[in-house]
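A short worksheet on the structure shown next.
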Amino acid sequence: MSNVHPYVGRATPRVDGPLKVSGLATYAAEFFAEDMLYAAAVPATIAKGRIKRIDLSAAKGAPGVVEILTHENRPEIPEDDAPYLNDMVAVPGSPFRPLRNDKVLYSGQAIALVIADSHENARHAASLVTAEFEVETPTVDVADARSTAYEPPVPRDGIPPPPPPRGDAEATFKGSEIRLKHDYRVAPEHHNPMELQATTVVWEGGGALTIHNKTQGVINPKNYICSVFSLDPEKVRVVSPFVGGAFGMALRPHYDLFLAVLAAIKLERSVRLVLTRGQMWTMGWRPDTLQTVALSADADGKLTSVSHHAIQATSQFEDYQEPIVNWSGLIYDCPNVSLKYELAKLDVSTPSDMRAPGATTGVYALEAAMDELAYELKMDPLELRLKNYAEKDGNDDKPFSSKELRAAYEQGAKRFGWSERSPEPRSMKEGKELVGYGVATGCWEAMMQPHSARAALSADGRLEVACGTADIGTGTYTILAQIGADAFGLPIEEVTAKVGDTSLPMAPVEGGSWAAASAGNAVQLACAALKEELLKAARGLDDSPLANADVAHVTFADGKIALTSDPEKSVSYADALKAAGSERLEAKGDFAPDGEFAEKYASYTHSAVFAEVRVDEELGVVRVERIVSAVAAGKILNLATARSQILGGVVMGVGMALHEESVWDKSLGRIMNANLGEYHVPAHADIHDIDVIFVDEEDKANPMGVKGLGEIGIVGAAAAVANAVFHATGKRIRELPITIDKLL
Amino acid sequence: MMNFSYTRATSVGEAIQAVVQDPQARFIAGGTNLVDLMKYNVERPGRLVDITRLPLDRIEETPGGGLKIGALVPNSDLAYDERIERDYPLLSSAILAGASAQLRNAATTGGNLLQRTRCYYFYDVGTPCNKREPGSGCPARTGVNRIHAILGASDACIATHPSDMCVALAALGATVHVEGPDGERTIPFSDFHRLPGSEPEKDNTLSRGEIVTAVELPKPRFGKNHTYLKLRDRLSYAFALVSVAAAIELDGDVIGEARLALGGVAHKPWRDEAAEASLKGKLPSSSAFEEAGDIVLRNAKGHGHNDFKIELARRAIARALGQAAAGTPQVQANKSIN
């Protein structure tokens, strides 16, 4: 043991907290450069058609305007799709590129870029640009495109299509006495992190660019920009140390990046482009999806068939895909399963991954249907879930690497007081309010990606751990510092963690909940390699007390390497560094998921979510009184940041259940509530007690046993709330969000 | 947002002159709505005349036993003023039902009256809107109109007035003091805001250059039996789908006097004196409350998405009158309805 009080596993405060609360953390729109120009993007006011004419006369005469770029005067850009597909998160299709031509593909599409000497002048001049359009009638509602639905011809990289059917779900369903089939719909949502999408391009001269871009992985904007603008990768560096929330929206390169770099190259100047809050509705979103779930069971509640069909919105130009229906083949044990996933094209921007993409949507429908089945069977909804507990992943016919969902159900139910629930809907009341209890299961795949990391010890005794991943507010800085501190027995104050820079060891985008497991293990490996290096140096000293020791026989703590069996025999880190003849000793760690293990086992995180709601039936007002989320997600590295992740996910789930909805005007094709006043996310008054439980779970998919937590908090949360609303009122609302009008 | 120039007025007269002389000029006080609208390019003033330093920030007692509230008194100060809390709790509650603590700190009494609608189309310069651009059309009538008017709308406009405070002021029968190029005048609260008719661009009856100087409350009444019931899409920081200010004065067992005004349903705070009169002399009862609701909503009309607001308003009126009669108002601190 290298440290008697390891940080890993403990609630350790965020190492970047003081920077954030004091305003010293620098976000993409906060980097400055000398003589920087400021850009503003002009949005199209139509959703489909062609630009007939853009009138720039007023804008050109406005103060401070340096340049206005449109499709008519922009510099050459590649016409082929290939350069734009240099995006780790690209989806099949033809990637969007602004100012490409006169076509308008969705409302809010950037049709001009105004560049001026100040942010204010750029925005002012942008407001003076007018355009005439040839308008075509847009389709923006997936229900209106239902008849055009198709199975995606090319699957998205990393997103498995639904597994082939097993058994015969249709025949079983038809022959069943106990069965139900219902349609469910989740409203389209936009991520809306606090930080706006932004890019600051610093023109370094000599063709070199430093780019500060709001991104979930610096390598992605770098690859994309180098590919699109034929830049030398040696001369492009992307630095994005802090991200003010993203939830998946900053995985792909957005048009702010493209336009800011285009302008910087054209003008050979530094340029900053910050999108407006309204423009946050002109990029990725959680797609509107029509779902049908059919379940049948025997009289004891054993599932006999599961069918799940989804039609999900995408843009006209890309087949965005997420795994919506697959969950219905693996959360419960069932011999007859039929899953179908289709897309329908709309005149909208391409949807994107948004916290637990696919699962949030699909598991909601499955878990609502399971709840309906429980009432049909007059069975406790929790008991129904236990009755159908899956001991293996039915889709891939593999055992789970670990699955402590049963413990999550038990501990969650106990903490919540599930046993106090009276079974009948409308049977619990307090004052004027009906009380309802709801439960749902959550599930997310425990993924990993190859990551490299570096660990370096310097003569001043400080350790630096570094990886090119991102910390989007999740706590990555902190867990990497914790791992480093434990490896060398250092106080965490003496460890610096670095992320978000393409000069650091390579990591892919941060998403899918894979960063903690992947970057964490990479840092662990780098630290192990550095220990070897340091010990090797210490052994090389004249008369070294550690002459014959190997790393298994020594302890790294208190600034020295000591023989574990005889701690008097030690070499200080400083002396070891001196022996190495270096001020700084560094080592690299390369982590890659164990392919063989993944062949044998399926790895998932699970949760059991319990919700209590109060409903004023007469007025349709729902209050979420409390939520318990019991999570099985392997080793928890930091109880504080892990809890925050789950809290955030649950709050987002409450928003999905009760509040969030981007509303399009169907004739204009515009989103009408594209602001935080009218796009409702939960306010403080909407959120009461949220209790998070992490159940013990040992997993062997990676050396640290980490599974990741970014997504699991939201999965199942909306279903638990919606199920509680049914229990309270006897009304099954199958279209989220459950607003007042739906309950009247 | 467009570029603008800025002047700070040192007297009411100077402020009026500055706006009269420059057709592009607008008064600015808290700016909680105007600055927002400027960012959306809905308002494009060439000049802002800052009136925040004018001596209009006091709450004074009137000879008639009421209170005269200076136009620049912040919403928070007004809501927590001990005279308001004690004697006009309905007003305090309505203010605290609106916006957020930060907005209420910045927003002023006069500015609250002059808030513009939150109609989605009014806010989006990429769409037509008769209020923003007279004659351009009203897509809300057949478009997304969940938050729109069910009472007093016109073919030209179905927008609503967003204020909570004004609903209480309408119920309490306040008076608005204004000063303009032609001198001072007072406007009864119910005549201050107007219905859209064929001129939806006009929210109120102020003339160019007129400035709200104060809002006067009559002698206190309804200190015991009142409520401000606000129903919305989340429990805080959202505009009302329907809100009801209800106040009752009991005369023994029966209702001696009732006040009833609604927010979120019309182009102005919707006070219905016929409904109030129907309650007079009656025992507080569900049937009396429902009858009052029927009177309020006798000409209500939905436009599709907002059809539900008619039924919601009916239920909210009955609940609010019940709360008022029982003396159990909605609690704004935790938003519990009662």
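The values are calculated or read from the model by the stated rules, or taken from the named source; none is laboratory data. Values in this document were obtained by computation on a predicted structure and should not be read as measured data. Here Cβ is always computed from backbone atoms with ideal geometry, including for glycine, and neighbour counts include all displayed protein chains.
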Which one is nearest to A:PRO335 (Cα to Cα), of the residues in region A:387-432 that are of a type in the set (A, V, I, L, M, F, W, C) and more than 29 Å from the chain's Cα centre (by Cα)?
-> A:TRP418
If we scan region A:154-170, do we find a residue that is free of Cβ contacts under 8 Å to residues at least 40 places away in the same chain and more than 30 Å from A:ALA365 (Cα to Cα)?
-> no
3 or more residues within 14 Å of chain A (Cβ to nearest Cβ) and at pLDDT 95 or above: qualifying helices (runs of 4 or more DSSP H) within region B:1-88 = B:34-39
Only one of these is more than 30 Å from A:PRO323 (Cα to Cα) and over 31 Å from the mean Cα position of the chain (by Cα): A:ILE46, A:ILE111, A:ILE77, A:ILE54. Name it.
-> A:ILE54
Check whether at least one residue in region A:158-167 is more than 30 Å from the chain's Cα centre (by Cα), at pLDDT 95 or above and outside any helix (DSSP H, G or I), and report yes or no.
-> yes
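To keep it simple, each residue is scored yes or no on (1) part of a strand (DSSP E or B); (2) more than 14 Å from chain A (Cβ to nearest Cβ).
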| residue | (1), (2) |
| --- | --- |
| B:LYS219 | no, yes |
| B:LYS230 | yes, no |
| B:ASP233 | no, no |
| B:VAL244 | yes, no |
| B:ALA247 | yes, yes |
| B:ARG259 | yes, yes |
Could you pull out the residue among A:ILE693, A:ILE687 that is modelled with pLDDT of 95 or more, surrounded by fewer than 22 Cβ atoms within 10 Å (Cβ to Cβ) and within 13 Å of chain B (Cβ to nearest Cβ)?
-> A:ILE687
Tell me, which helices (runs of 4 or more DSSP H) wholly within region B:97-137 include 2 or more residues that are of a type outside the set (A, V, I, L, M, F, W, C) and crowded, with 22+ Cβ neighbours inside 10 Å?
-> B:109-113, B:120-123
For region A:263-291, how many residues are of a type in the set (A, V, I, L, M) and either out of contact with any strand residue (DSSP E or B) (no Cβ under 7 Å at 6 or more places or on another chain) or modelled with pLDDT under 95 (or both)?
-> 3
Tell me, which strands (runs of 3 or more DSSP E) lie completely within region A:405-473 with 3 or more residues that are assigned by TED's automatic domain parsing to the domain that holds A:ASN326 and either of a type in the set (Val, Ile, Thr) or under 30 Å from A:VAL325 (Cβ atoms) (or both)?
-> A:433-445
Pick from A:ARG123, A:ARG50: which is in contact (Cβ under 8 Å) with a residue 12 or more places away in the chain and surrounded by 16 or more Cβ atoms within 10 Å (Cβ to Cβ)?
-> A:ARG123
Segments classed as helices (runs of 4 or more DSSP H), wholly inside region B:262-338, with at least 1 members that are within 12 Å of chain A (Cβ to nearest Cβ) and at pLDDT 95 or above = B:286-296, B:308-326
If we scan region A:682-695, do we find a residue that is part of a loop (DSSP other than H, G, I, E, B), in contact with a helix residue (DSSP H, G or I) (Cβ under 9 Å, 6 or more places away or on another chain) and free of Cβ contacts under 8 Å to residues at least 40 places away in the same chain?
-> yes
For region A:296-312, state whether one or more residues are free of Cβ contacts under 8 Å to residues at least 60 places away in the same chain and surrounded by fewer than 24 Cβ atoms within 10 Å (Cβ to Cβ).
-> yes
Identity of the residue in region A:435-466, hydrophobic (A, V, I, L, M, F, W, C) and out of contact with any Gly (no Cβ under 9 Å at 6 or more places or on another chain), that ends up surrounded by the fewest Cβ atoms within 10 Å (Cβ to Cβ) | A:ALA459
Kindly state which helices (runs of 4 or more DSSP H) lie completely within region A:563-672 and contain at least 3 residues that are without any contact (Cβ under 8 Å) to a residue 60 or more places away in the chain and in contact with a helix residue (DSSP H, G or I) (Cβ under 9 Å, 6 or more places away or on another chain).
-> A:573-580
Test: B:LYS301 is buried (at least 20 other Cβ atoms within 10 Å of the Cβ), within 25 Å of B:ASP155 (Cβ to Cβ) and not aromatic (Phe, Trp, Tyr) = no
Residues of region A:344-368 satisfying the condition of being of a type in the set (A, V, I, L, M, F, W, C) and surrounded by 24 or more Cβ atoms within 10 Å (Cβ to Cβ) | A:LEU346, A:VAL348, A:MET354, A:ALA356, A:ALA359, A:VAL363, A:ALA365, A:LEU366, A:ALA368
Per the list (1) within 13 Å of another protein chain (Cβ to nearest Cβ); (2) among the aliphatic types (A, V, I, L, M); (3) in a helix (DSSP H, G or I), residue check on B:ALA94 breaks on (1)
If you check A:ILE738, A:ILE714, which single one turns out to be of a type outside the set (D, E, K, R), part of a loop (DSSP other than H, G, I, E, B), within 14 Å of chain B (Cβ to nearest Cβ) and buried (at least 22 other Cβ atoms within 10 Å of the Cβ)?
-> A:ILE738
Given the conditions (1) within 14 Å of chain B (Cβ to nearest Cβ); (2) crowded, with 24+ Cβ neighbours inside 10 Å; (3) within 18 Å of A:TYR364 (Cα to Cα), which single one is not true for A:MET672?
-> (3)
Could you identify the single residue in A:PHE247, A:PHE229, A:PHE258, A:PHE242 that is surrounded by fewer than 20 Cβ atoms within 10 Å (Cβ to Cβ), away from chain B (no Cβ under 14 Å) and either within 19 Å of A:VAL114 (Cα to Cα) or modelled with pLDDT of 95 or more (or both)?
-> A:PHE229
Spot the failing condition for A:ALA459; the list is (1) at pLDDT 95 or above; (2) over 25 Å from A:TYR604 (Cβ atoms), and only one is missed.
-> (1)
Conditions (1) within 20 Å of A:ALA537 (Cα to Cα); (2) crowded, with 18+ Cβ neighbours inside 10 Å; (3) out of contact with any Gly (no Cβ under 7 Å at 6 or more places or on another chain); number of the one not met by A:TYR601 | (1)
When you scan region B:191-217, how many residues do you find that are assigned to a loop (DSSP other than H, G, I, E, B), surrounded by fewer than 24 Cβ atoms within 10 Å (Cβ to Cβ) and at negative phi?
-> 12
